[in-house]
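The next block holds one structure in the form of structure tokens; read it before the comments.
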Amino acid sequence: MRTLAIVLVLSAVALRAEAQQDAFAPSIQAAAALGLAAAPAPNAPTLAVTMEPATGKSDKRQIGSLLILIGVGAIATGAVAGGGGGTALIVGGVVCAGYGIYLHLSH
């Protein structure tokens with residue numbers, strides 16, 4: 001019974017409340033007009049940027065450095081976690097860091 005009374009009171013309040021007040025209408029219209037004015041013209045030239053994959057020795061060094069960091073993080077996490085999962089993390093971290101060192105040092 002108490003729930004029904006609360007629902008009736010809230011329904012009466014909701015019917016009296018306005019969802020959106022007219023006080024904000026001018027600012028909303030001004031913001032919409034600014035948004036339309038800022039849009040580029042349909043025939044305006046656009047800047048085309050192409051992303052080509054970089055190749056070279058520095059890429060291998062960057063990937064190697066990243067793998068070293070990931071491997072060290074996995075080793076530290078495995079040492080804190082302990083147990084079988086920790087052992088798996090340590091072994092995976094050693095493999096990851098070792099491959100990272102190989103990539104970083106190979107020229």
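Rule-based calculations on the coordinates, nothing more; no lab input. In this text the structure is predicted, and so the values were computed from the model without any measurement. Note that each Cβ is placed from the backbone with ideal geometry, even for glycine, and that neighbours are counted across all protein chains shown.
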- Message: Per-residue counts of other Cβ atoms within 10 Å, averaged by peptide: what ranking do you get for 65-75, 84-94, highest first?
- Response: 65-75, 84-94
- Item | Gained length - Leu69 relative to Gln29, 0.36 nm times residue gap less alpha-carbon distance | 9.3 nm
- Extension gain (nm, one decimal) between Ser106 and Met1, 0.36 nm per residue minus Cα-Cα: 30.0 nm
